[in-house]
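Novice: Here it is, the structure, as structure tokens.
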Amino acid sequence: MDETLESTLWNIQQRNLGEPEFIQSVKEVLASVGPLLAKYPKFAEQKIIERICEPERQLIFRVPWQDDRGEVHINRGFRVQFNSALGPFKGGLRFHSSVNLSIVKFLGFEQIFKNALTGMPIGGGKGGSDFDPKGRSDDEVMRFCQSFMTELSRHLGEYTDVPAGDIGVGKREIGFLFGQYKRISNRYESSVLTGKGLGYGGALVRTEATGYGLGYFVQQMLAARGESLDGKTTLVSGAGNVAIHAIEKVTQLGGKVVACSDSKGVVYDEAGIDLPTLKRIKEVERLPIESYCQSRKQARYQAGGKLWEIECDVALPCATQNELTGKDADALLRGGCKVVAEGANMPTAPEGIERFINAGIAYAPGKAANAGGVATSALEMQQNASRDAWSFEHTEGKLAHIMKDIHDRCLRTADEFGAPGNYVQGANIEAFTRVAGAMQSLGLI
Ligand code: NDP
């Protein structure tokens, strides 16, 4: 990073003290855009970086609710409306005990660039709460969602801000949130939330989209190297929405996923992860992944577990931020891994990214590889706006096309800026150019 960018980063750090995840995500983008600023000095003159790194609006609010025993709880709600140069703020809501302003800001910041890469008219934002739905009854989750939406609803709208799901926010939560929005606004405004149930405006493929899109992206990464997923041993971290559908798509495309994980441990199944068993445990019974071994006798479970030490060709981190450290990257490289693509947001720590890039393996950041989820959310908005419902095949075809397009543009831009094969440079420069261009056109906003 050159001196001017170092000094810009320092100023951003001083303005956002105590926000390590946010600063980490800013640093990653700034480390890529030097060649772009050299080519277009106007971006620096117009302080585009300083403006992009400052959210348009940040909301923090109280969320009071009562549990089934009548006890009152107070959680904290967040919505960071980061950048709307390309369209309404768009990005998910995360419900997890670890959620804080730094995490929401890093997610919102990443979302600006991810959404730009999709080529669709959506800005970037993110939100959530330190509420953890795990272990809560459906009624408790409903009461929490209603209280959360009572405040958030004032700040949403199909042309203003359109949330979706993320960790801890699936169909159940989106249903409760949409119900409360509808009740307060007195409007059936379908495209104010995406990831809705199919019975009330949801779109086919949205549930599968992030994981499926990741599978298509990996297919393109391998094709660019003259290879395919056929027979490739694959590791997937996590066992949630993204992980499950990544496992499904990789398997359909010929790969063999031998291990996955949750926050408690790792499951290894030499015969390949059995999807119906995994779905039943995680989606229906909501049990820890250890239970997988009760149905699959040859499978092994390791509490805690060192997923990335298993030998593989392809690694797909799909759980959470900074889950893959420098040491994990070393283990993957030792084990022969040739492709890493991120289903989660910022799952690889900076030292890990450096190891992958220096080793010359194919490494794709989440903002490119997991963009299929938000792209399909934009397709859901299109269907809602036109009162239409597309078939699964049609929508999945569009998703596959979008992922190939993102992949190819990242590689082309990396080439153009002298970093062939570097998906990080390609994604950051490509996305930054699009957002910065729109900001220039809209004047000083
Ligand atoms: P889910 O809540 O459905 O699943 C998260 C999974 O990750 C769970 O299996 C969870 O385990 C596991 N996990 C969480 N924290 C840890 C940890 N510290 N160590 C190991 N495992 C952990 O979330 P999603 O699948 O929706 O999201 C996963 C990632 O993908 C997140 O980074 C999210 O931001 C990103 N993403 C999601 C999109 C979407 O469409 N849903 C779109 C783009 C990105 P447990 O069940 O034990 O908690």
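Novice: So, THR251, is that one of a type outside the set (A, V, I, L, M, F, W, C), out of contact with any helix residue (DSSP H, G or I) (no Cβ under 9 Å at 6 or more places or on another chain) and within 26 Å of MET403 (Cβ to Cβ) or not?
Specialist: On the way: of a type outside the set (A, V, I, L, M, F, W, C): yes; out of contact with any helix residue (DSSP H, G or I) (no Cβ under 9 Å at 6 or more places or on another chain): no; within 26 Å of MET403 (Cβ to Cβ): yes.
No: the conditions fail for THR251.
Novice: Among the residues of the range 224-282, which ones are more than 13 Å from the ligand (Cβ to nearest atom), buried (at least 20 other Cβ atoms within 10 Å of the Cβ) and either at pLDDT below 95 or in a helix (DSSP H, G or I) (or both)?
Specialist: Passing the criteria: LYS249, VAL250.
Novice: I've got another one for you. I'm trying to understand the selection: among the residues of the range 347-378, which are near the ligand (Cβ under 9 Å from one of its atoms), in contact with a helix residue (DSSP H, G or I) (Cβ under 6 Å, 6 or more places away or on another chain) and either of a type in the set (Lys, Arg) or assigned to a loop (DSSP other than H, G, I, E, B) (or both)?
Specialist: Listed by number, the residues that qualify are ASN370, ALA371.
Novice: Sticking with this one: Out of the residues in the range 283-302 meeting the condition of being closer than 16 Å to ILE244 by Cβ and assigned to a helix (DSSP H, G or I), tell me which one is farthest from the ligand (Cβ to nearest atom).
Specialist: SER295
Novice: Restricting attention to the range 191-215, report how many residues are more than 11 Å from the ligand (Cβ to nearest atom) and touching a Lys or Arg at 6+ places or on another chain (Cβ under 7 Å).
Specialist: 3
Novice: Based on this model, can you work out whether GLU393 counts as of a type in the set (Asp, Glu) and either touching a helix residue (DSSP H, G or I) at 6+ places or on another chain (Cβ under 8 Å) or more than 15 Å from TYR216 (Cα to Cα) (or both)?
Specialist: In short, no.
Novice: Sticking with this structure for a sec: For SER129, state whether it is buried (at least 16 other Cβ atoms within 10 Å of the Cβ), at pLDDT 95 or above and not hydrophobic (A, V, I, L, M, F, W, C). Walk me through it before giving the result.
Specialist: Numbers: buried (at least 16 other Cβ atoms within 10 Å of the Cβ): yes; at pLDDT 95 or above: yes; not hydrophobic (A, V, I, L, M, F, W, C): yes.
Taking the combined requirement at face value, the residue satisfies it.
Novice: Restricting attention to the range 99-108, does a residue exist that is away from the ligand (no atom under 15 Å from the Cβ) and part of a loop (DSSP other than H, G, I, E, B)?
Specialist: No.
Novice: Run down PHE131, PHE113 and say which single residue is assigned to a helix (DSSP H, G or I), within 14 Å of the ligand (Cβ to nearest atom) and either closer than 16 Å to GLU151 by Cβ or in contact (Cβ under 8 Å) with a residue 60 or more places away in the chain (or both).
Specialist: The match here is PHE113.
Novice: In the list TYR181, TYR212, which residue meets the criterion of being of a type in the set (Phe, Trp, Tyr) and over 22 Å from the mean Cα position of the chain (by Cα)?
Specialist: Result of the check over TYR181, TYR212: TYR181.
Novice: Step by step: first the residues of the range 374-399, then only those that are in contact (Cβ under 8 Å) with a residue 12 or more places away in the chain and exposed (fewer than 12 other Cβ atoms within 10 Å of the Cβ), then the one that is nearest to PHE89 (Cα to Cα). Which residue is that?
Specialist: If we take residues in the range 374-399 being in contact (Cβ under 8 Å) with a residue 12 or more places away in the chain and exposed (fewer than 12 other Cβ atoms within 10 Å of the Cβ), then ALA385 is nearest to PHE89 (Cα to Cα).
Novice: Shifting gears a bit: Look at ARG51 and say whether it is out of contact with any strand residue (DSSP E or B) (no Cβ under 8 Å at 6 or more places or on another chain), at pLDDT 95 or above and among the basic types (Lys, Arg).
Specialist: Yes, satisfied.
Novice: Go through (1) away from the ligand (no atom under 16 Å from the Cβ); (2) assigned to a helix (DSSP H, G or I) and name the single condition MET381 misses.
Specialist: (1) is the only condition that MET381 fails.
Novice: Oh, and also: Check off (1) over 30 Å from GLY125 (Cβ atoms); (2) part of a loop (DSSP other than H, G, I, E, B) for THR194 and give me the number that stays unchecked.
Specialist: Condition not satisfied by THR194: (1).
Novice: Of all residues in the range 283-330, count the ones that are in contact with a Leu (Cβ under 7 Å, 6 or more places away or on another chain), crowded, with 21+ Cβ neighbours inside 10 Å and either without any contact (Cβ under 8 Å) to a residue 60 or more places away in the chain or among the β-branched types (Val, Ile, Thr) (or both).
Specialist: 1
Novice: Here is a further query. Which of (1) surrounded by 14 or more Cβ atoms within 10 Å (Cβ to Cβ); (2) polar (S, T, N, Q); (3) closer than 21 Å to GLN252 by Cβ is the odd one out, the single condition ASN428 does not satisfy?
Specialist: Just one mismatch for ASN428, condition (3).
Novice: Could you give every pair whose Cβ atoms fall below 6 Å, whose first residue belongs to the range 54-81 and is within 21 Å of PHE109 (Cβ to Cβ), and whose second residue is acidic (Asp, Glu) and modelled with pLDDT of 95 or more, counting only separations of at least 6 or pairs across chains?
Specialist: So the pair list comes out as PHE61/GLU151; ARG76/ASP130; GLN81/GLU56; GLN81/ASP161.
Novice: Give the residues of the range 68-98 that are over 19 Å from PHE22 (Cα atoms) and either of a type in the set (A, V, I, L, M) or in a strand (DSSP E or B) (or both), sorted by residue number.
Specialist: VAL72, HIS73, ILE74, ASN75, ALA85, LEU86, listed by residue number.
Novice: Right, next: Restricting attention to the range 144-163, and to residues there that are part of a helix (DSSP H, G or I) and among the hydroxyl-bearing types (Ser, Thr, Tyr), which single residue is nearest to GLY125 (Cα to Cα)?
Specialist: My answer is SER153.
Novice: Looking at the range 356-411 only, could you name the residues that are in contact with a strand residue (DSSP E or B) (Cβ under 9 Å, 6 or more places away or on another chain) and among the charged types (D, E, K, R)? Full working, then the answer.
Specialist: Let us first name the residues in the range 356-411 that are in contact with a strand residue (DSSP E or B) (Cβ under 9 Å, 6 or more places away or on another chain), namely 356-357, 361-366, 368-370, 373-374, 377-378, 380-381, 407, 410.
Residue satisfying the conditions is GLU380 alone.
The values are calculated or read from the model by the stated rules, or taken from the named source; none is laboratory data. Because the structure is predicted, anything quoted here is derived from the model rather than measured. Don't worry about glycine lacking a Cβ; one is built from the backbone with ideal geometry, like all the others, and counts go over all protein chains shown.
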